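Undergrad: Here it is, the structure, as structure tokens.
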Amino acid sequence: MFLPKRLTFSSKRYLCTGCASLSYPPKPALPQLSLLADKCTSMTQLKQIHAQMVVTSRISDHFAASRLLSFCALSDSGDINYAIKLFEITKDPNIFMWNTLIRALASSPNPNRAVFLYTKMRRQGVCPNNHTFPFLLKGCCNSCSLESCKQVHTHVLKFGLELDLHVVNGLVRAYSVSSHLSSARRLFDEFSERNLSIWTTMITGYAQNFCAIEALVLFDRMLADGFEPKGPTIASVLSACARSGCLELGERIHAFMLERGIETGLVLGTALVHMYAKNGAISTAKKLFDSMPERNLATWNAMLCGLASNGNAEEVLALFRKLEKEKLLPNDVTFVGVLSACCRAGLIDVGQKIFNSMKEVYGIEPKIEHYGCMVDLLGRGGKLVEAEELIKRMAMKADVVILGALLAACKNQGNTEIAERVVKDILALEPHNHMVYVVLSNMYAEAGRWQDVWRLRKVMKVGNLKKTPGWSLVDGDT
DNA sequence: CTAGGGTTAG
């Protein structure tokens, strides 16, 4: 009678199972709810286990609660809102629970919430640990927030975690994603205990910021340091080769893969197709593409954009139709490829039709790149008024790139009227952009409007212009 | 007692 209830329960179970061997320690008394939570496969199951935990008061145990939280927060069949509720009703959650929720929020549609949660955690006086920062930095990457990245960096220093490999890796990645390559590189250089991952992070940082040469130089140094590249590193380097036109190096890496028996799966296959196609080795790219047992949208886009940059509009359109037949849904990248191909080939009607189908058929909201293709396309076809209208109709603010495309078209058509408006818009964005004065001035000169050339010359600060070598006001200006 | 890093298309 003086035995606690759970022991009684345990001994009963002992007898029932007929386990008479004394050499085994007695099994734990209560059913292992936390272990069940780890094996759970659906929210329905999880809610049952949760209920059991509440009934048996196990829920007040942070370890048990954290098993529930992990499933709802991180599993594909979990439920982040349930995780948030669970977290909110937990009294004094431990650091594991904070980290788990930060991790989940970092990969959610609104990654900023990870940073908010971290702030809340600090306000409650909870100290982060070495696991906190990699998760938090992932959130910074996903929200492309340089500001939060910098703030997290100061906290890393404050808590003395600047020598943790995963933390440094996270920082290097977050700075690279925010295009702060110099900060990323400084951290990378100052960190001596590098492994393959951090090398890959830095190389990828350069490759994705279109600094292909730096990526390739770093890859060389990595090899010299005795690191054996694996799939992820090679994929990144191939991407750099594709972007910088290094066909030879790309081929050498392909040979290296074959030599070391590195499998050409989906990702590396896609990277190879892109590398060959972008470098003009279309037949090799096609052969690879056709031989791949598994292809995803990225593979199709690689082939499509490769063909497009080789000016092969007919083939791009044929491939696009094939993609539609395969019941694959194109995305925004696909349309950049297709529209830029139309643009190069001057296929105005086809381009316009495809541009309209983006939203109407596929429900994809055009981005500024797509509008850029259309402005270029209309501009080349002499439809300057339509191009200008299109820019006005955009949901987003026009940037210098798209206005520059329109200005170039105006110059080709000799339309000073629209050009004047465009120049005004560009100067509103970049007051010190001297190039647009030059373009406009040249246009006036071509039209023989010398008074306007002089007027413009007075408006602009000639002194500043002189500091930009290689530019004169008018061609053959004396 | 639980956990963390690198990859493809623009």
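Undergrad: Can you name the condition, by its number, that A:SER340 falls short on among (1) modelled with pLDDT of 95 or more; (2) in contact with a Cys (Cβ under 6 Å, 6 or more places away or on another chain)?
TA: (1)
Undergrad: Give the residue that is farthest from DNA strand B (Cβ to nearest atom), with candidates limited to residues of the stretch A:241-279 that are small (Gly, Ala, Ser) and in a helix (DSSP H, G or I).
TA: Start the filter on the stretch A:241-279 by keeping residues that are small (Gly, Ala, Ser), which leaves A:242, A:244-245, A:250, A:255, A:261, A:265, A:269, A:271, A:277.
Filter once more, keeping what is in a helix (DSSP H, G or I): A:242, A:244, A:250, A:255, A:269, A:271, A:277.
Working: A:ALA242: 6, A:SER244: 11, A:GLY250: 12, A:ALA255: 19, A:GLY269: 8, A:ALA271: 4, A:ALA277: 9 Å.
Looking at residues that are small (Gly, Ala, Ser) and in a helix (DSSP H, G or I), I get A:ALA255.
Undergrad: Does A:GLU386 qualify as being part of a helix (DSSP H, G or I) and in contact with a helix residue (DSSP H, G or I) (Cβ under 6 Å, 6 or more places away or on another chain)?
TA: Working: part of a helix (DSSP H, G or I): yes; in contact with a helix residue (DSSP H, G or I) (Cβ under 6 Å, 6 or more places away or on another chain): yes.
Answer is yes for this residue.
Undergrad: Just the residues that are part of a helix (DSSP H, G or I) and closer than 12 Å to A:ARG344 by Cα, please, taken from the stretch A:293-314. Let's see the steps before the verdict.
TA: Initially, the stretch A:293-314 is screened for residues part of a helix (DSSP H, G or I), giving A:297-309, A:313-314.
Within the stretch A:293-314, A:LEU307, A:ALA308, A:SER309, A:ALA313, A:GLU314 meet the criteria.
Undergrad: Next question. Of a type in the set (S, T, N, Q) and either within 14 Å of DNA strand B (Cβ to nearest atom) or within 20 Å of A:PHE135 (Cβ to Cβ) (or both): is that true of A:SER197 in this structure? Full working, then the answer.
TA: Numbers: of a type in the set (S, T, N, Q): yes; either within 14 Å of DNA strand B (Cβ to nearest atom) or within 20 Å of A:PHE135 (Cβ to Cβ) (or both): yes.
Yes.
Undergrad: Can you pull out every residue in the stretch A:219-235 that is more than 8 Å from DNA strand B (Cβ to nearest atom) and buried (at least 22 other Cβ atoms within 10 Å of the Cβ)? It would help to see each step written out before you state the result.
TA: Step one: of the stretch A:219-235, the residues more than 8 Å from DNA strand B (Cβ to nearest atom) are A:219-228.
Answer for the stretch A:219-235, where residues must be more than 8 Å from DNA strand B (Cβ to nearest atom) and buried (at least 22 other Cβ atoms within 10 Å of the Cβ): just A:PHE219.
Undergrad: Output the number of residues of the stretch A:112-136 satisfying the condition of being of a type in the set (A, V, I, L, M, F, W, C) and touching a Ser or Thr at 6+ places or on another chain (Cβ under 9 Å). Reasoning before the result, please.
TA: Keep residues of the stretch A:112-136 that are of a type in the set (A, V, I, L, M, F, W, C), which gives A:114-117, A:121, A:126-127, A:133, A:135-136.
Among the residues that remain, those that are also touching a Ser or Thr at 6+ places or on another chain (Cβ under 9 Å) are: A:114-115, A:121, A:135-136.
Selection size over the stretch A:112-136: 5.
Undergrad: For residues that are of a type in the set (Phe, Trp, Tyr) and within 11 Å of DNA strand B (Cβ to nearest atom), scanning just the stretch A:72-114, find the one that is farthest from the chain's Cα centre (by Cα).
TA: At the first step, the residues of the stretch A:72-114 found to be of a type in the set (Phe, Trp, Tyr) are A:82, A:87, A:96, A:98.
Then drop every residue that is not within 11 Å of DNA strand B (Cβ to nearest atom), which leaves A:96, A:98.
Details: A:PHE96: 27, A:TRP98: 25 Å.
Among them, the one singled out is A:PHE96.
Undergrad: Another one. Give all pairs with beta carbons closer than 9 Å in which a residue from the stretch A:167-186 that is within 19 Å of A:ASN129 (Cβ to Cβ) meets a residue that is of a type in the set (Phe, Trp, Tyr) and part of a helix (DSSP H, G or I); count only pairs at least 6 apart in sequence or on separate chains.
TA: Cβ pairs passing all conditions: A:VAL167/A:PHE133; A:VAL168/A:PHE188; A:GLY170/A:PHE133; A:GLY170/A:PHE135; A:LEU171/A:PHE133.
Undergrad: Next question. For the stretch A:144-155, does any single residue satisfy the condition of being under 23 Å from A:ILE203 (Cβ atoms), buried (at least 19 other Cβ atoms within 10 Å of the Cβ), within 11 Å of DNA strand B (Cβ to nearest atom) and not charged (D, E, K, R)?
TA: Among the residues of the stretch A:144-155, not one is under 23 Å from A:ILE203 (Cβ atoms), buried (at least 19 other Cβ atoms within 10 Å of the Cβ), within 11 Å of DNA strand B (Cβ to nearest atom) and not charged (D, E, K, R), which makes the answer no.
Undergrad: Considering each residue of the stretch A:215-240, count those that are part of a helix (DSSP H, G or I) and in contact with a helix residue (DSSP H, G or I) (Cβ under 8 Å, 6 or more places away or on another chain), and give that number. If you could, list the steps in order and put the result at the bottom.
TA: Let us first name the residues in the stretch A:215-240 that are part of a helix (DSSP H, G or I), namely A:215-224, A:231-240.
Filter once more, so that each one left must be in contact with a helix residue (DSSP H, G or I) (Cβ under 8 Å, 6 or more places away or on another chain): A:215-216, A:218-219, A:222, A:231-240.
Here the count works out to 15.
Undergrad: Scan the stretch A:80-133 residue by residue and report those that are assigned to a loop (DSSP other than H, G, I, E, B), of a type in the set (Gly, Ala, Ser) and surrounded by 14 or more Cβ atoms within 10 Å (Cβ to Cβ). Reasoning before the result, please.
TA: Keep residues of the stretch A:80-133 that are assigned to a loop (DSSP other than H, G, I, E, B), which gives A:89-94, A:107-111, A:124-131.
When the remaining residues are screened for being of a type in the set (Gly, Ala, Ser), the result is A:107-108, A:125.
The answer is A:SER107, A:SER108.
Undergrad: Shifting gears a bit: Which count do you get for residues in the stretch A:38-79 that are among the β-branched types (Val, Ile, Thr) and surrounded by 17 or more Cβ atoms within 10 Å (Cβ to Cβ)? Reasoning before the result, please.
TA: Quick first cut of the stretch A:38-79, residues among the β-branched types (Val, Ile, Thr) only: A:41, A:44, A:49, A:54-56, A:59.
Filter once more, keeping what is surrounded by 17 or more Cβ atoms within 10 Å (Cβ to Cβ): A:49, A:59.
Final tally of qualifying residues: 2.
Undergrad: Here is a list: A:LEU238, A:LEU187, A:LEU216. Which entry is over 15 Å from the mean Cα position of the chain (by Cα), over 30 Å from A:MET121 (Cα atoms) and more than 9 Å from DNA strand B (Cβ to nearest atom)? Even if it seems obvious, please write down each step before you answer.
TA: On the way: A:LEU238 fails: more than 9 Å from DNA strand B (Cβ to nearest atom); A:LEU187 fails: over 30 Å from A:MET121 (Cα atoms).
None of the other options fit; the residue is A:LEU216.
Undergrad: Among the residues of the stretch A:134-144, are any out of contact with any helix residue (DSSP H, G or I) (no Cβ under 8 Å at 6 or more places or on another chain) and modelled with pLDDT under 95?
TA: Checking the stretch A:134-144: not a single residue is out of contact with any helix residue (DSSP H, G or I) (no Cβ under 8 Å at 6 or more places or on another chain) and modelled with pLDDT under 95.
The values are calculated or read from the model by the stated rules, or taken from the named source; none is laboratory data. Predicted, not measured: the structure shown is a model, and the values here were computed from it. Here the Cβ is made from the backbone with ideal geometry for all residues, glycine too, and neighbour counts use every protein chain on show.
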